[in-house]
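Take a look at the structure set out below.
The values are calculated or read from the model by the stated rules, or taken from the named source; none is laboratory data. Remember, it's a predicted structure, so these values are computed and weren't measured experimentally. In this analysis, Cβ positions are derived from the backbone assuming ideal geometry, glycine residues included, and neighbour counts consider all displayed protein chains. With ligands, DNA and RNA removed, areas are computed over all heavy atoms of the protein, side chains included. Shrake-Rupley method; radii C 1.70, N 1.55, O 1.52, S 1.80 Å.
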Amino acid sequence: MAPSAVMDHPAESAPRYVNGGLITDVEKHGDNPVVIRLSDEELQSGKTRPETLQELIKYFHRDGFVVLENAIPEEIIDRLYERMVQDNVDYLRKKHMHWNQGAATGNVSQIPPLEPNFLSRDIYANVHMIRLCENLLGPKPELRFINSNVACPGGTARQAVHSDVHHNWPEVPAWGLVMNIYLQDTGPANGVTEVWCGTHTAYPREEQQDNPDRGWIKKDYLQGRAKVKPPVQPTVHKGAICFRDLRLWHAGMPNTSDRHRIMLAIDYFAQWYQCPMTTKLPRAMKDTIEREWEGISTAGVEWVDGPINSLDVPFFLNMTQDPDLYLLQTEKGFQDLKGRQTGEYKFDTSVVTDQNYWTPEVDQAA
Ligand SMILES: O=C(O)CCC(=O)C(=O)O
Ligand SMILES: [Fe+2]
């Protein structure tokens, strides 16, 4: 046999089974969190290997967080980054702009451009991303939120450790996901999000919350959980897709670099969950999206006539199942259900102290 024929089928690429289970040969590194790298063949063909899905599903359920690298061509990411940095100048001047958990965080929710030449399927309905979503959430996951978190240079404060949801969610393995896509290489120096792997299912919801009205986590739960699995600020490559269960504890961190740190936030929900939140997209894209963004449901898309200036679209959030519980950003502050009944608007006046994040404990024995 010619040596080249042997090389085409190296022995180590043959599937290996242990007690009937497939031992996968997927490229991955890290354990808190696990980072899985798509092969160039998967990126180019758009076909996700079942072995890759097996690993993604396994670690997603274990940790509520898993990172997928090499899923989006870098040119698309760079172009969007440049545009969103320009947009940030205009956005910070808007009256309805507000800082997430106080101005010192330098963290704002800025909707990415909703223009046809920026609405790339490779980002918003990436084939590998949707394949994992449909395996976690069931058929035709629903796109219902398109936003981003920009950590502006000069931020000095961190956020409280929190879960983005604090309602009475159904106790099932998965009902809603956020896909965070960083538009630049990101690590602790430029404010990568602190994540707490495994906390999506670690404790009953009401027990862990420090206040029934928000998703902040009690100090003693932070101190206790850190002994089981500590929080981490992972290093994440540009364009990697971070799949995060909406229940997971996490916190925005200050960006001490001199460049904006931009992280897209794209939410998909299970159809059966009947999430009432909607996200706006231009009607001019409806046919293309419904034809080409395969595998997704657009039931949660509000099609808008004419061009949309995404910087003028108010922040709108409702990850609960109750249509009345939406949160709407206005020039006067945030309006929630109580605000709609009383006419009073909420301002984010929350003050983060060391009671809201993990602090290393002095070893008593030392
Ligand atoms: O920007 C980040 O890293 C996270 C921000 C965040 O979690 C939030 O604002 O809810
Ligand atoms: Fe958050």
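Tabulated results
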quantity	calculated
Among the residues listed as F65, F60, the single one being crowded, with 18+ Cβ neighbours inside 10 Å, within 16 Å of ligand 2 (Cβ to nearest atom) and modelled with pLDDT of 95 or more	F65
Those helices (runs of 4 or more DSSP H) lying entirely in the range 123-235 with at least 2 residues more than 16 Å from ligand 2 (Cβ to nearest atom) and in contact with a helix residue (DSSP H, G or I) (Cβ under 7 Å, 6 or more places away or on another chain)	127-137, 219-228
Given (1) part of a strand (DSSP E or B); (2) open to solvent by 70 Å² or more (accessible area, probe 1.4 Å), index of the condition R259 fails	(1)
Contacts under 7 angstrom Cβ, first residue in the range 249-272 being more than 27 Å from L114 (Cβ to Cβ) and among the aromatic types (F, W, Y), partner open to solvent by less than 10 Å² (accessible area, probe 1.4 Å) and within 14 Å of ligand 1 (Cβ to nearest atom), 6 or more apart	W249/V161; W249/S163; W249/W196; W249/T199; W249/I217
Residue, farthest from H167 (Cα to Cα), within the range 298-319, restricted to residues that are open to solvent by 20 Å² or more (accessible area, probe 1.4 Å) and in contact with a Phe, Trp or Tyr (Cβ under 9 Å, 6 or more places away or on another chain)	F315
The range 170-205: number of residues that are in contact with a His (Cβ under 9 Å, 6 or more places away or on another chain) and open to solvent by 50 Å² or more (accessible area, probe 1.4 Å)	3
Per-region count, the range 237-246, residues more than 11 Å from the chain's Cα centre (by Cα) and either within 16 Å of ligand 2 (Cβ to nearest atom) or of a type in the set (D, E) (or both)	0
Selection status of M277, closer than 23 Å to E134 by Cβ, within 16 Å of ligand 1 (Cβ to nearest atom), surrounded by 16 or more Cβ atoms within 10 Å (Cβ to Cβ) and touching a residue at least 24 places away in the same chain (Cβ under 8 Å)	yes
Checklist (1) within 14 Å of ligand 1 (Cβ to nearest atom); (2) within 23 Å of R79 (Cα to Cα); (3) of a type in the set (K, R) applied to R158, failing item	(2)
Scan of the range 342-362 for residues that are surrounded by 11 or more Cβ atoms within 10 Å (Cβ to Cβ) and free of Cβ contacts under 8 Å to residues at least 40 places away in the same chain, ordered by number	E344, Y345, K346
Output for the range 84-126, where each listed residue is among the charged types (D, E, K, R) and buried (at least 16 other Cβ atoms within 10 Å of the Cβ)	D87, R121, D122
Positions within the range 280-297 being open to solvent by less than 10 Å² (accessible area, probe 1.4 Å) and in a strand (DSSP E or B), in sequence order	L281, P282
